[in-house]
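Reviewing the structure listed below.
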Amino acid sequence: MTLIEYLRKEKGLSQIQLSRELNINSSAIAQLENEYRKSWPKLRKQLSLFFGVEESCLFDTDGWPKKINIDLPKIPLKK
């Protein structure tokens, strides 16, 4: 999972809602979150301002979104 996806979900936003907030195409958010494309400078700035974090927290030096590891709770299986 990318940090962008995590922060978006923490705010309770869908990809479409976030894209509307930033006035960009929703496929750009989907492609970033799925790591199919790197971000352009204007979008990096918009996302960092929207989430209130430094660009370097969200993206590596080449503009690719940073990944985070989230431990999911163990769910007991039925026998």
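The values are calculated or read from the model by the stated rules, or taken from the named source; none is laboratory data. This structure is a prediction, so every number in the text was calculated from the model and none was measured. Note: ideal-geometry Cβ built from the backbone for every residue, glycine included; neighbour counts use all protein chains shown. With ligands, DNA and RNA removed, areas are computed over all heavy atoms of the protein, side chains included. Shrake-Rupley method; radii C 1.70, N 1.55, O 1.52, S 1.80 Å.
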Measure of exposure for residue 9: accessible area at 1.4 Å probe, Å² rounded to 10, is 110 Å²
By the Cα gyration tensor axes a ≥ b ≥ c (a/c under 1.5 gives rounded; else a/b larger than b/c gives prolate, otherwise oblate), the shape of region 2-51 is rounded
With a 1.4 angstrom probe the carbon and sulfur portion of accessible area for the chain, in percent, totals 50 percent
Full extension between residue 77 and residue 10 adds, at 0.36 nm per residue less the Cα distance, a length in nm of 21.4 nm
Result: in the chain the number of Lys pairs with C-alpha under 21 Å apart, spaced 8 or more or on different chains, is 14
FRET efficiency (residue 48, residue 17; Cβ distance; R0 30 Å; to 0.05) is 0.95
